[in-house]
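The values are calculated or read from the model by the stated rules, or taken from the named source; none is laboratory data. No experiment lies behind these values; they were computed from the predicted model shown. Because the Cβ atoms are built from the backbone with ideal geometry, glycine has one as well, and the counts that use them run over all protein chains shown. Calculation scope for accessible area: heavy atoms of the full protein, side chains included, ligands and nucleic acids excluded. Shrake-Rupley method; radii C 1.70, N 1.55, O 1.52, S 1.80 Å.
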Amino acid sequence: MVEFWWSYAWPTLWIVIQILFLVVPLLIVVAYLTYAERMVIGFMQLRMGPNVVGPFGLLQPFADALKLMTKELIIPTGANRVVFLMAPMLTFVLAMVGWAVIPVSEGWVISDINVGVLYLFAISSLGVYGIIMAGWASNSKYPFLGALRSAAQMVSYEVSIGFVIITVLLAVGSLNLTDIVLAQKNVWFFIPLLPMFIVFVISALAETNRAPFDLPEAEAELVTGYNVEYSAMAFALFFLGEYANMVLMSGMTVILFLGGWLPPFDITILNWIPGVVWFSLKVSLILFVFLWVRATLPRYRYDQLMRLGWKVFLPLSLGWVVITAGAIVIFDWYPGIVN
């Protein structure tokens, strides 16, 4: 009887163990990404970042977490309590479940499905619902305006992201993320598809509501926008969800354009380094770009944001899809086809 039960329980237990091995380091990365952002921006602006709590301020994320966990959760009188509380949970959960199909090294993936790209695109598209729910349920004009801005912004740039992903899929011939990485053994896709790489990185900034596209949470006119009525752990979940989305979009960028876990050169000494280390280094590089942009560029006006998405990125990405498809058909040219 025990053996019969164990044969059914072990697969479920193994999946739970895999999830914990992925989620726990991811939460630590998200916590220290907030620390890294404050330090990087501090150095770029010639001032000190957090340096009091712990050596070099390394315990600052834990101090912030303790502060948020011990604060009182205040729910506005006119708010829809259920939707108000579900919104930050949805935002955080969606940022986590996207990692189920991300291969951090060869064979290191929770679910190696053949439609991994579609899964990621669907998860990223659902992210706007958490923000819309928060803006509506708060029963306040500033969160509602922030939610409307976010909906329009994310829908606008998801169109460009979709065409960029189609360009990569044309070059690979597969929707499987592991196949996309293996197709870049000879050349990383950011070289032949450089314009699409740039469009994808900029669109990722807009998709995650990061500067210079952080209009949904503009402090000057919307008092932080959709999350203005949130406090304590509800606010922390929005905060963690945003940073987890940054890590997820950086992971997608690495998978689609920077060769995933593959080393930059096929040299024996580089091949000795584990694939997860290469993946982590590349993700860290893209995350540094996110932080660098925030420290450097001013916020766009909303009309500039929409013009860039619809009048520049959409025609460019659509045209590049046509050019890539034409090159593949006419010249039988594949940047990295999987055999």
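Structural remarks
- For region 233-339, the relative contact order is 20 percent, taking Cα pairs closer than 8 Å that sit 6 or more residues apart in sequence and dividing their mean separation by the residue count.
- Residue separation of Thr70 and Leu46 scaled by 0.36 nm, minus their Cα-Cα distance, works out to 5.4 nm of gained length.
- With all pairs of different C-alpha atoms in the average, the Kirkwood value for the hydrodynamic radius of region 199-319 is 16.3 Å.
- Fraction of accessible area attributable to carbon and sulfur, the chain (%, probe 1.4 Å): 72 percent
- Summing Cβ point charges (Lys, Arg +1; Asp, Glu -1) relative to the Cα centre of the chain gives a dipole of roughly 700 debye.
- Here the gap between Ala122 and Ile191, fully extended at 0.36 nm per residue and compared with their Cα-Cα distance, gives a gain of 22.2 nm.
- A crude spin-label estimate for the pair Phe331 and Ala63, with each label 7 Å from Cα along the Cβ direction, gives 5.7 nm.
- Ranked by the mean number of other Cβ atoms within 10 Å per residue, highest first, peptides 236-247, 187-198, 120-131 order as 236-247, 120-131, 187-198.
- Taken about its Cα centre, region 146-268 carries a charge dipole of roughly 360 debye when the Cβ of each Lys and Arg holds +1 and the Cβ of each Asp and Glu holds -1.
- Over the chain: helical MRE at 222 nm, DSSP H runs n ≥ 4 each giving -39500 (n - 2.57), nearest 500: -22500 deg cm²/dmol
- Taking a straight line from the alpha carbon of Lys311, not one of the lysines sits under 28 Å away once near neighbours fewer than eight places off in the same chain are left out.
- Using the empirical formula 2.2 N^0.38 Å as the baseline, the Cα radius of gyration of region 235-297 reaches a ratio of 1.31.
- Counted residue by residue at 0.36 nm each, then reduced by the alpha carbon distance between them, the extension gain from Lys141 to Val115 reaches 5.4 nm.
- Helix runs (DSSP H) in the chain reaching 27 Å along axis by Cα, Kyte-Doolittle at least 1.0: 2-44, 116-137, 141-172, 232-257, 275-296
- Rounded to the nearest 20 debye, dipole of region 176-242 from Cβ charges on Lys, Arg, Asp, Glu: 440 debye
- Normalised by the number of residues in region 69-132, the mean separation of alpha-carbon contacts (under 8 Å, six or more apart) gives a relative contact order of 38 percent.
- Normalised by 2.2 N^0.38 Å, where N is the number of residues, the alpha-carbon radius of gyration of region 153-255 equals 1.28.
- Within the shell defined by Cβ-Cβ distances under 15 Å, the residues around Lys185 carry a net charge of -3, with Lys and Arg each +1 and Asp and Glu each -1.
- Top of Gly275, Gly326, Gly146 by mean-square fluctuation, Gaussian network on the chain, Cα under 10 Å: Gly326
- Candidate residues Thr167, Thr178: accessible-area rank, largest first, probe 1.4 Å: Thr178, Thr167
- The chain, relative contact order [Cα under 8 Å, separation at least 6], %: 24 percent
- Å³ per residue enclosed by the Cα convex hull of the chain: 178 Å³
- Extending 7 Å from Cα along the Cβ direction at Ile273 and again at Ile15 yields two label points whose distance is 3.5 nm.
- Listed by chain and number, the lysines whose C-alpha is less than 29 Å from the C-alpha of Lys185, apart from same-chain residues fewer than 8 away, are Lys282.
- Ranking Arg38, Arg301 from most to least accessible surface, computed with a 1.4 Å probe over the protein chains only, gives Arg301, Arg38.
- Every pair of different Cα atoms in region 1-128 enters the Kirkwood calculation, which places the hydrodynamic radius at 18.5 Å.
- Top of Trp292, Trp261, Trp99 by mean-square fluctuation, Gaussian network on the chain, Cα under 10 Å: Trp292
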